[in-house]
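Chemist: One structure, pasted below without further comment.
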Amino acid sequence: MNANELLRRLPAVDSVMSRADVRALLDAQPRLVVREGVRRAVARRRQALLSGGSDRSEVTGEDVRQAIEDWLRPRLARVLNATGVVLHTNLGRAPLAAEVIEHLAVVCAGYCNLELELSSGRRGSRMDTVREILLERCGAEAALVVNNNAGAVYLGLRSLAAGREVVVSRGELVEIGGSFRIPDVMAASGARLKEVGTTNKTHLADYESAIGPDTALVLKVHRSNFALVGFTAEVELEQLVSLARRRGLPVMMDMGSAALLDSPPEPLGAIPTVRQALAAGPDLLCFSGDKLLGGPQCGVLLGTQKIISQLSRDPMARALRVGKLTLAALEATLSLYRGGDESARAVPVLSMMLASAEELRARAERLAQLIGFGEVVQSRAQVGGGSLPLVELDSWAVAVDPPGTSAEQLAGALRAARPAVLSRVQHERIWLDVRTVRESELATLAAVVRRVLDPDRKREVHADADG
């Protein structure tokens, strides 16, 4: 039977709805859902016939069930990150700690005191949720949290410099994810960019000569997602603060990504802590909550009481404000830092970045044993997420040869699995880097790999110390 004849034989929606195996689906799903499933199943069968991928026009109850399942399946799904990139922007950056998930479940399953003082019964501020702990951990006078760090930069520029000039080094005009650039954020805020210096060198005299009667703010941006090397020079934050004080101007510091540990070990020691940056004296400082901090997506603003109050009164502060989910997750994440650096290791991002080579090798060997084949190899992981661009982390991985297919095809099959697995293709093999795979995920990851690959395929499992 040719394709045109098969297309003519495609059933109408009402005809499919009358099938006994389709009517049985009404026991589990509302009629509107089943009808939409039928419509989608018929459309899917039509597309298969047009593409030559099918030789039948019948639409069965199983077709409808599968169409309903695909339609109702949440688009935001769990992914096992075996890339070795800790802060993977495409995968939501920082995974949350178990303690944070537990707190979210308790607080957000019902009502909570988001803007209520339980002691007095009066209306409170939602910032009370995290203000005390932020000031305690960072040493600032005041704090404000908005939806992300780009929003924090925008709000600071708008409130402090709308209609006036902001002086910033040309070498710090960074572009963040999604092609958003500091000059674009500044233009949207109403502030006017006045860049100083050159791409690779900016001196204090450049700032001094650029400051004029229309200057409202001096901005310093930490190059957290790229690095300048070679013949370079930049002005330290302390020097900028000293200059700005003499000229009666505020200084804003965009850290991008920031660590809250008391004594950050390598590789976190490559950037200043928030407390160290505030000690240099900026009037306003901001950073992301979902990068090195290891919490939910948000932008944290710290600074003087006067400036934070000014930002809080800006109408855009309400447009950029965060809800109870973000505040609950941020509070629970920050609480993990209260016990010191060792307690903070419960933050998944920190645990992944600070895991030892011995720990990772043992994890890789365990994964290879669970899969049943594969080669344990040395690997190089990354921090990612626009943080510590020059830092590579020694790691271990399980390398798997694709059986009768290409590595790219195997990577695609792993992405299509449930749960999905994001791997790395290297040397025509699939690499599963365990730095970003937690112990609790090893068994699940191994099961997915075995499901996708030929279950009868046998391969010697061994560790190769030379990689």
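Laboratory data are not the source of any read-out in this text; all were calculated from the coordinates shown. Keep in mind the model is a prediction, meaning the values are calculated, not measured. Don't worry about glycine lacking a Cβ; one is built from the backbone with ideal geometry, like all the others, and counts go over all protein chains shown.
Chemist: Based on the mean of other beta carbon atoms within 10 Å per residue, what is the order of 236-243, 114-121, 74-81, 205-212, most packed first? Before the final figure, lay out each step's value.
Modeler: On the way: 236-243: 17.1, 114-121: 10.9, 74-81: 12.4, 205-212: 15.5.
The packing order, highest mean first, is 236-243, 205-212, 74-81, 114-121.
Chemist: Just order 377-386, 97-106 by mean Cβ neighbour count inside 10 Å, highest at the front, would you?
Modeler: 377-386, 97-106
Chemist: Considering the options Pro30, Gly61, Asn4, tell which one lies farthest towards the positive end of the dipole of the range 3-72, charges being +1 on Lys and Arg and -1 on Asp and Glu at the Cβ, about the Cα centre.
Modeler: Farthest towards the positive pole: Asn4.
Chemist: Let me ask something additional. If you take the Cα atoms of the range 3-72, find Rg, then find the Kirkwood Rh from the mean of 1/r over all pairs, what is Rg/Rh? It would help to have the intermediate numbers written out before the result.
Modeler: Numbers: Rg = 11.7 Å, Rh = 12.0 Å.
Rg divided by Rh gives 0.97.
Chemist: When the scattering of the chain is computed by the Debye formula from its Cα atoms alone, each counted once and equally, what is log10 I(q)/I(0) at q = 0.08 Å⁻¹?
Modeler: Summing over Cα pairs of the chain leads to -0.64.
Chemist: How big is the range 280-378 in terms of Cα radius of gyration and Dmax, in angstroms?
Modeler: My reading of the Cα-based Rg and Dmax gives 19.7, 62 Å.
Chemist: Positive end of the charge dipole of the chain (Lys, Arg +1 and Asp, Glu -1 on Cβ, about the Cα centre): tell me which of Met316, Gly212, Val448 has its Cα farthest that way.
Modeler: Ranked along the dipole, the leading option is Met316.
Chemist: Evaluate the charge dipole of the range 3-72 about its Cα centre and quote only its size in Debye, nearest 20, assuming +1 on the Cβ of each Lys and Arg and -1 on the Cβ of each Asp and Glu.
Modeler: Result for the range 3-72 is approximately 240 debye, rounded to the nearest 20.
Chemist: Can you name the helices of the chain, as whole DSSP H runs, whose Cα span along the helix axis is 27 Å or more and whose Kyte-Doolittle mean is not below -1.0?
Modeler: Working: long enough: 31-50 (29 Å, -0.26).
Counting only whole DSSP H runs, the qualifying helices are 31-50.
Chemist: Measuring from centroid to centroid over Cα atoms, what is the spacing of the range 108-172 and the range 81-98 in Å?
Modeler: If you average the Cα positions of each part, the centres end up 25 Å apart.
Chemist: With +1 on each Lys and Arg Cβ and -1 on each Asp and Glu Cβ, how big is the dipole of the chain about its Cα centre, in debye rounded to the nearest 20?
Modeler: 1720
Chemist: So for each of 359-365, 401-407 I average, over its residues, the number of other beta carbons within 10 Å; can you give me the resulting order with the highest mean first?
Modeler: The packing order, highest mean first, is 359-365, 401-407.
Chemist: Can I ask one more? Using 0.36 nm per residue of separation minus the Cα-Cα distance, give me the extension gain between Thr304 and Leu76 in nm, one decimal.
Modeler: The Thr304-Leu76 span can extend by a further 78.2 nm.
Chemist: Further question: More than 29 Å apart: what percent of Cα pairs in the range 96-344 qualify?
Modeler: Working: 9007 of 30876 pairs.
Here the tail beyond 29 Å accounts for 29 percent of pairs.
Chemist: A further question follows. Helix-derived [θ] at 222 nm for the chain: sum -39500 (n - 2.57) over DSSP H runs of at least 4, divide by residue count, nearest 500? Don't jump to the answer; show the numbers that get you there.
Modeler: Numbers: 20 runs with 186 residues, N = 467.
So the helix-based figure for the chain works out to -11500 deg cm²/dmol.
Chemist: Counting only pairs 8 or more residues apart or on different chains, how many lysine pairs in the range 96-344 have their Cα atoms under 30 Å apart?
Modeler: Close lysine pairs found across the range 96-344: 10.
Chemist: Give the distance, in whole Å, between the Cα centre of the range 329-406 and the Cα centre of the range 1-30.
Modeler: 49
Chemist: Same structure again: Mind putting a number on the dipole of the range 96-344 about its Cα centre? Charges go on the C-beta only, +1 for Lys and Arg and -1 for Asp and Glu, and I need it in Debye to the nearest 20.
Modeler: So the dipole magnitude of the range 96-344 works out to roughly 820 debye.
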